[in-house]
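The values are calculated or read from the model by the stated rules, or taken from the named source; none is laboratory data. Since the structure is predicted, the reported quantities are computational estimates derived from the model, not experimental observations. Note that each Cβ is placed from the backbone with ideal geometry, even for glycine, and that neighbours are counted across all protein chains shown.
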């Protein structure tokens, strides 16, 4: 692992740490305050923005999405799929990413997968409607409303289009003014180009050993993921955001209760997660935590906050998909996985937390074992 940086909070006590390199060529060190592409942590921001519109009566959670976006989700699908189903990934709409990145479609047969699409799309400008169409054209992942749901980035691009339709503003602009600024975040925002502004690390993608040595993908056009996973933030800002969300600052208590109504969802790596409306629920031996994880090319992030808001953890790493596959194509455990597990355990539960070791089931992206080639 080239570099890792984190912030952990326990009530009024704050610990920030960093180890390793932001640039393996120059030896520039990582710092705790660096900005990071946080991937699908973006989904919590998008979900909070939708819930604000629910509070204002402009969106109804159980209304069909076709009533708002008939051109994007027409016909029977539009009548059956509700806003809630998009938020909790029970819509049955599959993920578009294998179709936007065609050389990844062979996953999990990793020997047949190529990283070519990563380079082909580095500067490509995608339109949300174009990506949504790819997801809707693919074979359904399940029936609308059925559980377990199937995690899909297509759902959150549709929610971005819904926000634009009901607010009259681009979704990224609405989220910035009504979620990011309301939470008082100073270093969080959607990118305006392929580069990250401000101090940041390079982002190294290994793609299960197919890219050796790992290649830097910190410069990338994030239109391929938009309101699903494009945000840039810091570990301090993420802890502040989830703290403000859980204390009722960003959405009201009724909305938060809706966000914490969970269903089983199958993640993109095949594992089962407990998912609400843009929130993961993570049970440990020292309490229940809420948050999200995120993965983009070369960067992994996780942010968890205990229900009472007093214990928080946000961790960033600058290498992804370090697990090499066995002969069947299944990514194998790596010492990094166990080191991260120990870090997460201590960060969430503190020293002397052996009782939490087996209970801590952290969602994908940077968890042990990390192993999904798509945005989370």
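More than 28 Å from residue 275 (Cα to Cα), surrounded by 20 or more Cβ atoms within 10 Å (Cβ to Cβ) and more than 19 Å from the chain's Cα centre (by Cα): does that describe residue 214? Quick ask: steps written out before the conclusion?
On the way: more than 28 Å from residue 275 (Cα to Cα): yes; surrounded by 20 or more Cβ atoms within 10 Å (Cβ to Cβ): yes; more than 19 Å from the chain's Cα centre (by Cα): yes.
Here the answer is yes, as residue 214 does meet what is asked.
Condition check ((1) in contact with a helix residue (DSSP H, G or I) (Cβ under 8 Å, 6 or more places away or on another chain); (2) free of Cβ contacts under 8 Å to residues at least 60 places away in the same chain) across all residues:
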| site | (1), (2) |
| --- | --- |
| 130 | no, yes |
| 144 | yes, no |
| 150 | no, no |
| 165 | no, no |
| 173 | no, yes |
| 178 | yes, no |
| 187 | yes, no |
| 193 | no, yes |
| 207 | yes, no |
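State all residues of segment 206-233 that are assigned to a loop (DSSP other than H, G, I, E, B) and within 20 Å of residue 49 (Cβ to Cβ); if no residue qualifies, say none.
Kept after step one, since they are assigned to a loop (DSSP other than H, G, I, E, B), are these residues of segment 206-233: 206, 210-214, 217-221, 225, 230-231.
Those that are assigned to a loop (DSSP other than H, G, I, E, B) and within 20 Å of residue 49 (Cβ to Cβ): 225, 230, 231.
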- residue 273: assigned to a strand (DSSP E or B) and either more than 25 Å from residue 172 (Cα to Cα) or at pLDDT below 95 (or both), yes or no? yes
- Hey, does segment 47-58 have a residue that's within 19 Å of residue 89 (Cβ to Cβ), over 18 Å from the mean Cα position of the chain (by Cα) and without any contact (Cβ under 8 Å) to a residue 40 or more places away in the chain? no
- Residue list for segment 132-142, filter: closer than 18 Å to residue 79 by Cα, in contact (Cβ under 8 Å) with a residue 40 or more places away in the chain and touching a helix residue (DSSP H, G or I) at 6+ places or on another chain (Cβ under 8 Å): 132, 135, 136
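Consider residue 255 carefully, then state whether it is crowded, with 16+ Cβ neighbours inside 10 Å and more than 19 Å from the chain's Cα centre (by Cα). Working first, answer last.
On the way: crowded, with 16+ Cβ neighbours inside 10 Å: yes; more than 19 Å from the chain's Cα centre (by Cα): yes.
It is true that residue 255 is crowded, with 16+ Cβ neighbours inside 10 Å and more than 19 Å from the chain's Cα centre (by Cα).
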- Item | Residue under evaluation residue 329, criteria (1) at pLDDT 95 or above; (2) over 27 Å from residue 30 (Cα atoms); (3) surrounded by fewer than 24 Cβ atoms within 10 Å (Cβ to Cβ), criterion not met | (1)
- Of all residues in segment 82-101, how many are over 12 Å from residue 146 (Cβ atoms), touching a residue at least 40 places away in the same chain (Cβ under 8 Å) and not in a loop (DSSP other than H, G, I, E, B)? 8
- Go through (1) in a loop (DSSP other than H, G, I, E, B); (2) within 20 Å of the chain's Cα centre (by Cα); (3) at pLDDT 95 or above and name the single condition residue 162 misses. (1)
- Note on the structure: All-but-one check, residue 15 against (1) out of contact with any helix residue (DSSP H, G or I) (no Cβ under 8 Å at 6 or more places or on another chain); (2) closer than 20 Å to residue 214 by Cβ; (3) not in a loop (DSSP other than H, G, I, E, B), failing number (2)
- Note on the structure: Out of (1) touching a helix residue (DSSP H, G or I) at 6+ places or on another chain (Cβ under 8 Å); (2) farther than 27 Å from residue 159 by Cα; (3) assigned to a loop (DSSP other than H, G, I, E, B), the one residue 328 does not meet is (1)
